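Only one structure is covered here, and it is reproduced in the block below.
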Amino acid sequence: MLLDIFSAPIASGAQTFWLIVSILVGLGAGISAVDFRSTVFKKGSKED
């Protein structure tokens, strides 16, 4: 599915835009997951 999007004959600007968007979303999700985990583990260790 992603390969179809990137190989579709769209303007290179749009291709670059979607590539940047997907990278930013991926980084944001990764950072959020790390923050969430550290917050949960900090709360858990305080309760124990």
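Please treat every number below as a calculation from the coordinates, not as lab data. Bear in mind that the values here come from a model prediction, so they are computed numbers and not experimental data. Note that we place each Cβ from the backbone using ideal geometry, even for glycine, and neighbour counts take in every protein chain shown.
Provide the gained length on full extension for the span THR16 to ILE31, in nm with one decimal, where the gain is 0.36 nm per separating residue minus the Cα-Cα distance. Please report the intermediate quantities before stating the final value.
Working: separation 15, 0.36 × 15 = 5.40 nm, distance 2.24 nm.
Contour length minus Cα-Cα distance gives 3.2 nm.
Ranked from highest to lowest mean number of other Cβ atoms within 10 Å per residue, what is the order of the peptides 26-35, 13-22? Please list the in-between numbers first.
Details: 26-35: 10.0, 13-22: 11.5.
Averaged packing, sorted descending, gives the order 13-22, 26-35.
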